[in-house]
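Here the structure comes first, spelled out in structure tokens, and everything after it is commentary.
The values are calculated or read from the model by the stated rules, or taken from the named source; none is laboratory data. Being a predicted model, the structure only gives us computed values, none of them experimental. We place every Cβ from the backbone using ideal geometry, glycine too, and count neighbours over all the protein chains shown.
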Amino acid sequence: MLHQFWVDLLQDLPRFTETLVKMPGADKETDLSERIESFLSELKRCGSGAGSLRGSAETARETTALLRRITAQARWSNAGDLMEIIRKEGRRMTAAQPSETTVGNMVRRVLKIIREEYARSRGSTEEADQQESLHKLLTSGGSSEDNFRQHFAHLKANIIEAINELLTELEGTTDNISMQALEHIHSNEVIMTIGRSRTVEAFLKDAARKRKFHVMVAECAPFCQGHEMATSLSKEDIETTVIPDAAIFAVMSRVNKVIIGTQTVLANGGLRAVNGTHTLALAAKHHSTPLIVCAPMFKLSPQFPNEEDTFHKFVSPHEVLPFTEGEILSKVNAHCPLFDYVPPELITLFISNIGGNAPSYIYRLMSELYHPEDHEL
Amino acid sequence: KKQHKKNKKDDRGPPEKEKEKEKASVLAPSKPATQSPAHKGTASKYVPLRSDYGYKVSLFSHLHQYSRKNPPTQQISIPATVIHPSIVRLGLQYSQGIIAGSNARSVALLHAFKQVIQDYSTPPNEELSRDLVNKLSPYISFLSQCRPLSASMGNAIKYIKKEISNIPSQCKEEEAKRRLQECIDSYINEKIILASEAISKYAIEKISDGDVILVYGCSSLVNHILCEAFEKQRKFRVIVVDSRPRLEGREALRRLVKKGIRCTYVLISALSYILPEVSKVFLGAHALLANGYVMSRVGTSQIALVAKAYNVPVLVCCETYKFCERVQTDSFESNELDDPDDLIVTRNGKTHLENWQTVKSLGLLNLVYDVTPPDFVDLVITDLGMIPCTSVPVVLRVKNVDQ
């Protein structure tokens, strides 16, 4: 019997070895699509609103790393193909978690990088393609685009190098913002903040090394992330007080500055921030207290706030009215929105990794980061 | 440390009630961790001082901050010779938050005083009008140790003291007591019950069909108005805004839903989301100050601020007995600090602030009241009519002239 087994094996061997040798590149493709799928499912899972389970900085880094992998491993012969692939994957990723705008922002950054590298390879200057000024529209006549169909040998390497630079920039954002802390905080100040923002935490901790000041943290119900922020700040010996959301206006008259983080910076200079921020901004305006927003550049998004159905995100109302209130629960509506819109008139200053800016300058920064044709993925 | 004063009330008042109420049967008062300076004055000598709890934010170091876990009766030895048992019970109910809301507290206070007057008997060689007032002083300082007095309670106490001192000396004790009981009853009836009827009548004119009304927390007056309006077949729906840590809005929600009114419930951080739907805001008040500021539950000024930004009218409903002569411009000078441990919450099994006492640079602030500037308030509805916020001193002057 054993002898028969060996005979069968030797007969099947040619066919057997054939199956071991797969198509070249097919390995990489399945690996790539697996990674994309796992990234998408992670995005879908962490939208439960109990604060982000991963910060937006991590999401941005992972998105960029994934886009670099797509550039390296997918099959494309010219820039146009690559842009199509990235746009397709980008659409899927933003659809998985629409409120996580950093994903879409990174996709747009990479698309801009591709355009720039293509233009550089072609030899034309970058500014020619930059803005669509009225003059250019009138005088250009035909389309200056050539659909990115030309093939360049070193395009892939250049693009990957540029994406690496982008990744380095992403890693240094929090430090760049914290370095500016000492310019904005003087001694004996009372600073108010709301909820939990890693950027603001690093900002305040950096300032605390050389200045003494007092921080009031609004706890931001119902998730009460302010508690975590307060414990983390008080560990660095910063005088911290936790106040309930209802006391924001009551104590605002003694506050010197309001420093907040945000989820997204919108195209008009407004914010999409954690709920309760609009009240905080109005109270600060009433007392003429400056409102400073610490936001890295990857949070800047070309969206406008008027899209009603995509702006708000809700989570289970059981956070607001728990199931223990069973008798009345079926007869009332309870809402638990996650975000607030803060109009740009209420904001004094944006501090980002490239420096401080007024809200009126945001449109200009946007045109430097993203190409107008990529605003709609 | 206790000074015994000969008092016949001790035999009458059941000592068992006291024993139940006191958590620790401590004969000698326990040494408090932080000693506040002793009061001077005869009345407060008999009332033990309650010690502060926890780290106080420096801006509020002039206020007291007590813990609910250390009730004031722990420091009273058995038997409590000076304080009437119904006052002890009332003080405990205040300090534990069982009786809350300015109307409820005033009514409970007046009922307790009725009991005190009932049990009172004039000692020989003393006049009722003077002695009774002196008897009430230690009770009042005990109650303010349990929980600082509200403006409505202050006005009620002033009224009672005035009535007592107006008793003519030739009046017999029984007659005097009966008269005082009647005064208290008529005060409650006029100033609280009838006033709320009058206010409802005015307020219902302001509610039209299709309105979306926003209310904050639990104000007995505003709930009464809404229930009355619903009975008069007005079609409206209500949005109840609530805030941590007290979550009083749930009580208001229960009462309104029981009546059958359509309600929505949000927390105060979702205010900017819900305000575009709102057509009117009804707020209750704890007191109206003489410079037109409205003193109310913390968070009220925020609601008024955001409503103003969205151009939604803000109506405050307040009885005239809550008007007080004080003036205040912000929420720091005279406020109340509640137990800071109320802010602690456990989410997903984690309690971040559990050991806040051990971290020396961490403080928790649990404010009870705040003041709303008059430019945020559009109308004040009182039992005398609908007035603007700035007419409060006029009403006070008219009341003083009447009396």
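Scanning region A:70-90 for residues that are charged (D, E, K, R) and surrounded by fewer than 18 Cβ atoms within 10 Å (Cβ to Cβ), which turns out farthest from residue A:160 (Cα to Cα)? Give the derivation first.
If we filter region A:70-90 for residues that are charged (D, E, K, R), which is where we start, we get A:75, A:81, A:84, A:87-89.
Restricting the remaining residues to those that are surrounded by fewer than 18 Cβ atoms within 10 Å (Cβ to Cβ) gives A:75, A:81, A:84, A:87-88.
Working: A:75: 14, A:81: 16, A:84: 17, A:87: 17, A:88: 19 Å.
Only one residue fits best here, namely A:88.
Which numbered condition trips up residue B:321, out of (1) outside any helix (DSSP H, G or I); (2) farther than 26 Å from residue A:317 by Cα?
(1)
Taking the condition of being modelled with pLDDT of 90 or more, of a type in the set (A, V, I, L, M) and in contact with a strand residue (DSSP E or B) (Cβ under 7 Å, 6 or more places away or on another chain), how many residues in region B:374-394 meet it?
Matching residues across region B:374-394 total 6.
Conditions (1) over 20 Å from residue B:115 (Cβ atoms); (2) at pLDDT 90 or above, marked per residue:
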{"residue": "B:157", "(1), (2)": "no, yes"}
{"residue": "B:165", "(1), (2)": "yes, no"}
{"residue": "B:169", "(1), (2)": "yes, no"}
{"residue": "B:181", "(1), (2)": "no, yes"}
{"residue": "B:188", "(1), (2)": "no, yes"}
{"residue": "B:195", "(1), (2)": "yes, yes"}
{"residue": "B:203", "(1), (2)": "yes, yes"}
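How about region B:317-343: which of its residues are crowded, with 17+ Cβ neighbours inside 10 Å and of a type in the set (A, V, I, L, M, F, W, C)?
Selection gives B:317, B:318, B:323, B:324, B:332, B:337, B:343.
Among the residues of region A:232-240, is there at least one that is among the hydrophobic types (A, V, I, L, M, F, W, C) and outside any helix (DSSP H, G or I)? Walk me through how you get there before you give the answer.
Residues of region A:232-240 among the hydrophobic types (A, V, I, L, M, F, W, C): A:233, A:238.
Of the ones still in play, those that are also outside any helix (DSSP H, G or I) are A:238.
Within region A:232-240, one or more residues are among the hydrophobic types (A, V, I, L, M, F, W, C) and outside any helix (DSSP H, G or I).
Take region A:218-252 and flag every residue that is among the aliphatic types (A, V, I, L, M) and within 10 Å of residue B:362 (Cβ to Cβ). Let's see the steps before the verdict.
Residues of region A:218-252 that are among the aliphatic types (A, V, I, L, M), as a first pass: A:218, A:221, A:229-230, A:233, A:238, A:242-243, A:246-248, A:250-252.
A:230, A:233, A:238, A:242, listed by residue number.
Would you please name the residue that is modelled with the lowest pLDDT, looking only at residues in region B:42-58 that are part of a loop (DSSP other than H, G, I, E, B) and more than 14 Å from chain A (Cβ to nearest Cβ)? If you could, list the steps in order and put the result at the bottom.
From region B:42-58, those part of a loop (DSSP other than H, G, I, E, B) are B:42, B:47-57; that's our starting set.
Narrowing the set further to residues that are more than 14 Å from chain A (Cβ to nearest Cβ) leaves B:42, B:47-53.
Values: B:42: 46, B:47: 67, B:48: 69, B:49: 75, B:50: 78, B:51: 78, B:52: 82, B:53: 82.
Per the stated criteria, the residue is B:42.
Is it true that residue A:250 is facing chain B (nearest Cβ under 9 Å) and either on the phi > 0 side of the Ramachandran plot or modelled with pLDDT of 95 or more (or both)? Outline the logic, then answer.
Numbers: facing chain B (nearest Cβ under 9 Å): yes; either on the phi > 0 side of the Ramachandran plot or modelled with pLDDT of 95 or more (or both): no.
Taking the combined requirement at face value, the residue does not satisfy it.
Residues being more than 11 Å from chain B (Cβ to nearest Cβ) and either among the hydrophobic types (A, V, I, L, M, F, W, C) or touching a Lys or Arg at 6+ places or on another chain (Cβ under 8 Å) (or both): count how many of those fall in region A:304-318.
Final tally of qualifying residues: 3.
Quick one: residue B:252 ticks every box in (1) surrounded by 20 or more Cβ atoms within 10 Å (Cβ to Cβ); (2) over 25 Å from the mean Cα position of the chain (by Cα) bar one, so which box is it?
(2)
Being more than 14 Å from every other protein chain (Cβ to nearest Cβ), farther than 30 Å from residue A:317 by Cα and either among the hydroxyl-bearing types (Ser, Thr, Tyr) or part of a strand (DSSP E or B) (or both) is the requirement here; does residue B:200 meet it?
Details: more than 14 Å from every other protein chain (Cβ to nearest Cβ): yes; farther than 30 Å from residue A:317 by Cα: yes; either among the hydroxyl-bearing types (Ser, Thr, Tyr) or part of a strand (DSSP E or B) (or both): yes.
Yes: the conditions hold for residue B:200.
Could you tell me how many of the residues in region B:150-162 are under 21 Å from residue B:290 (Cβ atoms), out of contact with any strand residue (DSSP E or B) (no Cβ under 6 Å at 6 or more places or on another chain) and crowded, with 18+ Cβ neighbours inside 10 Å?
The total comes to 7.
Kindly list the number of the only condition in (1) surrounded by fewer than 19 Cβ atoms within 10 Å (Cβ to Cβ); (2) more than 14 Å from chain B (Cβ to nearest Cβ); (3) of a type in the set (Ser, Thr, Tyr) that fails for residue A:301.
(1)
Out of curiosity, is residue B:345 β-branched (Val, Ile, Thr) and within 30 Å of residue B:279 (Cβ to Cβ)? Give the derivation first.
Numbers: β-branched (Val, Ile, Thr): yes; within 30 Å of residue B:279 (Cβ to Cβ): no.
Against the criterion (β-branched (Val, Ile, Thr) and within 30 Å of residue B:279 (Cβ to Cβ)), residue B:345 does not qualify.
Find the strands (runs of 3 or more DSSP E) located wholly in region B:222-314 whose residues include 2 or more that are farther than 18 Å from residue A:335 by Cα and either within 13 Å of chain A (Cβ to nearest Cβ) or in contact with a Cys (Cβ under 8 Å, 6 or more places away or on another chain) (or both), and list them.
Values: elements: B:236-242, B:263-267, B:280-284, B:294-297.
In region B:222-314, B:280-284, B:294-297 are the strands (runs of 3 or more DSSP E) which contain 2 or more residues that are farther than 18 Å from residue A:335 by Cα and either within 13 Å of chain A (Cβ to nearest Cβ) or in contact with a Cys (Cβ under 8 Å, 6 or more places away or on another chain) (or both).
Taking region A:164-206 as the search range and keeping residues that are more than 21 Å from residue A:283 (Cβ to Cβ) and small (Gly, Ala, Ser), which one is surrounded by the fewest Cβ atoms within 10 Å (Cβ to Cβ)?
Selected residue: A:187.
Residues checked against (1) surrounded by 24 or more Cβ atoms within 10 Å (Cβ to Cβ); (2) facing chain B (nearest Cβ under 9 Å):
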position	(1), (2)
A:208	no, no
A:240	yes, yes
A:262	yes, no
A:265	yes, no
A:276	yes, yes
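Would you list the helices (runs of 4 or more DSSP H) that sit entirely within region A:87-144 and hold 3 or more residues that are at pLDDT 85 or above and more than 14 Å from residue A:372 (Cα to Cα)? Before you say what the answer is, go through the steps one by one.
Details: elements: A:101-122, A:127-130, A:134-140.
Here the list reads A:101-122.
Taking region A:319-344 on its own, how many of its residues are assigned to a helix (DSSP H, G or I), without any contact (Cβ under 8 Å) to a residue 60 or more places away in the chain and either within 12 Å of chain B (Cβ to nearest Cβ) or polar (S, T, N, Q) (or both)? Break it down into steps so the answer makes sense when it comes.
Taking region A:319-344 first, the residues assigned to a helix (DSSP H, G or I) are A:319, A:323-329, A:344.
Retained after the next criterion (residues that are without any contact (Cβ under 8 Å) to a residue 60 or more places away in the chain): A:323-329.
Retained after the next criterion (residues that are either within 12 Å of chain B (Cβ to nearest Cβ) or polar (S, T, N, Q) (or both)): A:324-329.
Final tally of qualifying residues: 6.
Looking at this structure, is residue B:345 outside any strand (DSSP E or B), within 12 Å of chain A (Cβ to nearest Cβ) and touching a residue at least 60 places away in the same chain (Cβ under 8 Å)?
Numbers: outside any strand (DSSP E or B): yes; within 12 Å of chain A (Cβ to nearest Cβ): yes; touching a residue at least 60 places away in the same chain (Cβ under 8 Å): yes.
Considered against the rule, which asks whether it is outside any strand (DSSP E or B), within 12 Å of chain A (Cβ to nearest Cβ) and touching a residue at least 60 places away in the same chain (Cβ under 8 Å), residue B:345 comes out as yes.
I'm trying to understand the selection: among the residues of region B:328-342, which are assigned to a loop (DSSP other than H, G, I, E, B) and more than 7 Å from every other protein chain (Cβ to nearest Cβ)? It would help to see each step written out before you state the result.
Pass one, region B:328-342, residues assigned to a loop (DSSP other than H, G, I, E, B): B:328-336, B:338-339.
Across region B:328-342, the qualifying residues are B:328, B:329, B:332, B:333, B:334, B:335, B:336, B:338, B:339.
Does residue B:371 qualify as being modelled with pLDDT of 85 or more, within 14 Å of chain A (Cβ to nearest Cβ), in a strand (DSSP E or B) and closer than 14 Å to residue B:290 by Cβ? Give the steps one after another, and end with the answer.
On the way: modelled with pLDDT of 85 or more: yes; within 14 Å of chain A (Cβ to nearest Cβ): yes; in a strand (DSSP E or B): yes; closer than 14 Å to residue B:290 by Cβ: yes.
Judged against the criteria, residue B:371 is a match.
So which residues in region B:356-368 are at the interface with chain A (Cβ under 9 Å from one of its Cβ atoms) and not small (Gly, Ala, Ser)? Break it down stepwise before answering.
Start the filter on region B:356-368 by keeping residues that are at the interface with chain A (Cβ under 9 Å from one of its Cβ atoms), which leaves B:356, B:359-367.
Within region B:356-368, B:356, B:359, B:360, B:362, B:364, B:365, B:366, B:367 qualify.
Here is a list: B:319, B:277. Which entry is over 20 Å from residue A:282 (Cα atoms) and acidic (Asp, Glu)? Don't jump to the end; show me each part of the working.
Numbers: B:277 fails: over 20 Å from residue A:282 (Cα atoms).
B:319 is the lone residue from the list that is over 20 Å from residue A:282 (Cα atoms) and acidic (Asp, Glu).
Given the structure, is residue A:269 buried (at least 21 other Cβ atoms within 10 Å of the Cβ) and away from chain B (no Cβ under 12 Å)? Give the derivation first.
Working: buried (at least 21 other Cβ atoms within 10 Å of the Cβ): yes; away from chain B (no Cβ under 12 Å): yes.
Taking the combined requirement at face value, the residue satisfies it.
Enumerate the pairs (first residue in region A:58-80 and more than 30 Å from residue A:197 (Cα to Cα); second residue anywhere and among the acidic types (Asp, Glu)) with beta-carbon separation below 7 Å, excluding pairs fewer than 6 apart on the same chain, so at least 6 apart or on different chains.
That search, which allows pairs on different chains as well, returns A:70/A:89.
Taking the residues in region A:267-310 that are of a type in the set (S, T, N, Q) and within 26 Å of residue A:243 (Cβ to Cβ) as candidates, determine which candidate is modelled with the lowest pLDDT. Let's see the steps before the verdict.
Step one: filter region A:267-310 for residues of a type in the set (S, T, N, Q), giving A:268, A:275, A:277, A:279, A:288-289, A:301, A:303, A:306, A:310.
From what is left, the residues that are within 26 Å of residue A:243 (Cβ to Cβ) are A:275, A:277, A:279, A:288-289.
Details: A:275: 91, A:277: 95, A:279: 95, A:288: 96, A:289: 96.
Taking the candidates together, the pick is A:275.
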